[in-house]
Amino acid sequence: MAVAQATQLPAAEAPAVAEEPEEDRMICRTETVVGSRMPQRVCMTQRHREDRTRDSRALAQRLDVQNSNRDRIYAPGAGRGE
């Protein structure tokens, strides 16, 4: 009985359970795929999800700027190679 008690470590001396940082934790969500009626389970880390969101917003902004300049009328010789 004394041997069993000696091998157990008190809570203060027990090794801590290593927790993953919040951005490295895997998160799974069900997402609807464009062109399909079947939802798909997508798993990725929080960091990867944030990177994907940031890249998507940057692309949307860049396309918005390009499309807003599409039908503008420029004066001849105003830097458009004319």
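The values are calculated or read from the model by the stated rules, or taken from the named source; none is laboratory data. A quick note: this is a predicted structure, and the numbers were derived from the prediction, not measured. Note: ideal-geometry Cβ built from the backbone for every residue, glycine included; neighbour counts use all protein chains shown.
Worth pointing out:
- Verdict on ARG52 being surrounded by 10 or more Cβ atoms within 10 Å (Cβ to Cβ) and modelled with pLDDT under 90: no
- Meets criteria (in a helix (DSSP H, G or I), of a type in the set (A, V, I, L, M, F, W, C) and either out of contact with any helix residue (DSSP H, G or I) (no Cβ under 6 Å at 6 or more places or on another chain) or modelled with pLDDT of 90 or more (or both)) for ALA11: no
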